[in-house]
Amino acid sequence: MNLTDEQKRMYDGEYGPGMQKAISMLVEYGNVWDADRMARVNSAHVALWSEIEWLAEMLEGVEQIRVPLATVHPGNCAASRFGRAMGLREKFCQREAKALSEKLGLLVPKGFVPVLSCTPFLVGNVPTPGSVFSWGGSEGICAANSIFGARGNRDAFPAALASAITGVTPDMLLLKKQNRYGQLLVKLEDLDLERFTLADYGALGNYIGGVAKFKNVVVDGVPNTVSFDQLKHFTAPMPTSGAVAICHVVGVTPEAPTVEEALGHKKPEEAIKVGKKQFRESWESLHTATKDDVEVVFFGCPHLSINELRELARLLEGKKKADSVRLFVCTTEQIYTIAKSMGCTDIIEQAGGLMVRDSCIMLFPYPELVVPVTNAATNSAKAASYQARAGIKIQYGSTESCINAAIIGKWGG
Amino acid sequence: MILKGKTIKKGKVEGEAIVSQMPFSFLGDLDVTTGKVVGSGHDLEGESIANKIFVFLTGKGSTAAPDWAYKAKRLGNAPKGMICQEVEPTLAMVAITHDIPMVHKLDQNPLEVIKTGDYIKMDATEGIVEVIKKGES
């Protein structure tokens, strides 16, 4: 690894122990893939999952972070001001809220922007094509590489923090054009994609991620009328069932005008066809519930866009959720504000929904509920997969199916 | 048997091997409070990786894996050392951030030549893995 004079000064500790630790971690990280230099990072995205002692150690002596823009991921639902309304234990909420506020108290003065969202691109951290980003948040990374054409690796949150502090990341893997071409070619067939719901796209992405593991993916057969929200739900589960960091969608995403260009004019390492059979198989693997009772219905993994919120308000207008159901609707404070100005949040709240902001619903701390639940309905393939592993039975379905379930209190499919 | 691989995180460590043929995520596949693997369909479901040399395919899933690995480590439930077939960036950061000696890209497939219960002496700094088969000493 060749460091510039300034980077050597960081490495030698001239800018304090935090900066030194951060660049040392990045050097070790780069050495794993034989990176020979550091690249300048335009955008970082970090989380608050780490313990405060570790964050404090990383930021020791750091006056201001060196990356031009760094945003912050959402925290635990219990840490937000909605924890009690969600039915979580008072003491747990207090503890989490205190920890979150201490961590933000550490980060914000150094220049981190507390958007508290897993979709930083929806709230001002928009990676430009070709620019370098260092983000945590597997689904954000996949979107930034694939949909925005920016360049970044599956940097874990600690790597993103180190990059935010130093302003650099090892120049390796997906930062280099030759490593961005597709390795797995997926041809879609016999699927009525024009009528695909968000949950359909999620189930499809879930299947593809499982096959791809950490290969770069090229998908051929998605209509170019696909919406941003559909692409978000399509790519989000790929790094859940696998470790996908880039998925080119032919005719849609910037580095995939044609199959050939997306593959770098080479033969793919692997080519598969995905049709109704694989789609159904994936759907069934996500729907793990065996009973029709609905206890929780939630939306917002990834955080809801303004259009998804408008759709929820349309489906809930004049309706009321069943008393037995808890309805959680998760987005960012910024998108909430727009939705409120349009009357959407009033409709959702009048229907009995709880508008949760700044929180991660995927990692909802079920064991901390005062009245425990065992099953939940969602349109998110990513959350379905994580929560099933945490022992929750999942009813997986379209936005409309989930809303119907919330209203009648039973799963109708 | 001696295997030679590439360093991800330096350090010397020895212990009992536990082997999985699957990718692994420290967030989702591990109960950090017990060190046991969770999730139906995982080939180590119900088994503990705590204080063992964890041998597996590669990483997957959440980029918060190092944060969860840290929780496991604080509770004494993280693996002592790790060997994988080929690392991916998030998994590399688990080892680097929390100082868990780790190697990958061995000269033989570790998922075939190492079995659960074998004893491993690993010098990750030099990339050397000594495998003492179960029952031998």
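The values are calculated or read from the model by the stated rules, or taken from the named source; none is laboratory data. The model shown is predicted, which means the values in this text are computed figures rather than measured ones. For neighbour counting, all protein chains shown are included, and Cβ atoms are generated from backbone atoms with ideal geometry for every residue, glycine included.
Quick test of your reading of the structure: A:Ser50 fulfils all but one of (1) under 30 Å from A:Val356 (Cα atoms); (2) in a loop (DSSP other than H, G, I, E, B); (3) out of contact with any helix residue (DSSP H, G or I) (no Cβ under 8 Å at 6 or more places or on another chain). Name the failing condition by number.
Of everything listed in (1) under 30 Å from A:Val356 (Cα atoms); (2) in a loop (DSSP other than H, G, I, E, B); (3) out of contact with any helix residue (DSSP H, G or I) (no Cβ under 8 Å at 6 or more places or on another chain), A:Ser50 misses just condition (3).
Hey, could you check region A:104-130 for residues that are more than 20 Å from the chain's Cα centre (by Cα) and in a loop (DSSP other than H, G, I, E, B) and say which is nearest to A:Glu333 (Cα to Cα)?
Across region A:104-130, the extreme among qualifying residues is A:Gly111.
If I ask for residues that are surrounded by fewer than 18 Cβ atoms within 10 Å (Cβ to Cβ) and either in a strand (DSSP E or B) or of a type in the set (Ser, Thr, Tyr) (or both), which ones from region A:332-342 would you list?
Answer for region A:332-342, where residues must be surrounded by fewer than 18 Cβ atoms within 10 Å (Cβ to Cβ) and either in a strand (DSSP E or B) or of a type in the set (Ser, Thr, Tyr) (or both): A:Thr337, A:Ser341.
Name the residue, out of A:Lys267, A:Lys213, A:Lys273, A:Lys320, that is out of contact with any helix residue (DSSP H, G or I) (no Cβ under 6 Å at 6 or more places or on another chain) and at pLDDT below 95.
Exactly one residue qualifies, and that residue is A:Lys213.
Are any residues in region B:48-58 at pLDDT below 95 and more than 10 Å from the chain's Cα centre (by Cα), and if so, which ones?
Selection gives nothing.
Looking at (1) surrounded by fewer than 24 Cβ atoms within 10 Å (Cβ to Cβ); (2) out of contact with any strand residue (DSSP E or B) (no Cβ under 9 Å at 6 or more places or on another chain); (3) within 21 Å of A:Asn153 (Cβ to Cβ), which is the one condition that is false for B:Asp67?
Status for B:Asp67: all satisfied but (1).
Given the criteria within 14 Å of another protein chain (Cβ to nearest Cβ), surrounded by fewer than 24 Cβ atoms within 10 Å (Cβ to Cβ), in contact with a strand residue (DSSP E or B) (Cβ under 7 Å, 6 or more places away or on another chain) and closer than 21 Å to A:Pro257 by Cβ, does A:Leu184 qualify?
Taking the combined requirement at face value, the residue does not satisfy it.
Out of the residues in region A:12-29 that are surrounded by fewer than 19 Cβ atoms within 10 Å (Cβ to Cβ) and more than 14 Å from chain B (Cβ to nearest Cβ), which is nearest to A:Trp54 (Cα to Cα)?
The qualifying residue nearest to A:Trp54 (Cα to Cα) is A:Pro17.
Give region A:136-163 a look and list any residue that's at the interface with chain B (Cβ under 9 Å from one of its Cβ atoms) and on the phi > 0 side of the Ramachandran plot, or say none.
A:Gly137
Counting only residues that are among the hydrophobic types (A, V, I, L, M, F, W, C) and either assigned to a loop (DSSP other than H, G, I, E, B) or under 27 Å from A:Phe148 (Cα atoms) (or both), how many does region A:1-21 have?
Final tally of qualifying residues: 2.
Answer yes or no: is there a residue in region A:58-70 that is assigned to a helix (DSSP H, G or I) and either at pLDDT 95 or above or hydrophobic (A, V, I, L, M, F, W, C) (or both).
For region A:58-70, residues assigned to a helix (DSSP H, G or I) and either at pLDDT 95 or above or hydrophobic (A, V, I, L, M, F, W, C) (or both): present.
Suppose the filter is surrounded by fewer than 21 Cβ atoms within 10 Å (Cβ to Cβ), in contact (Cβ under 8 Å) with a residue 60 or more places away in the chain and either within 9 Å of chain A (Cβ to nearest Cβ) or not β-branched (Val, Ile, Thr) (or both); does B:Lys6 pass it?
yes
Which of the following residues is more than 29 Å from A:Thr288 (Cα to Cα), within 13 Å of chain A (Cβ to nearest Cβ) and in contact (Cβ under 8 Å) with a residue 40 or more places away in the chain: B:Leu75, B:Leu27?
B:Leu75
Condition check ((1) surrounded by fewer than 21 Cβ atoms within 10 Å (Cβ to Cβ); (2) touching a Pro at 6+ places or on another chain (Cβ under 9 Å); (3) among the basic types (Lys, Arg); (4) not in a strand (DSSP E or B)) across all residues:
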| site | (1), (2), (3), (4) |
| --- | --- |
| A:Cys330 | no, yes, no, no |
| A:Ile347 | no, no, no, yes |
| A:Met355 | no, no, no, no |
| A:Pro372 | yes, no, no, yes |
| A:Lys382 | no, yes, yes, yes |
| A:Gln395 | no, no, no, no |
| A:Ile403 | no, no, no, yes |
| A:Gly412 | yes, no, no, yes |
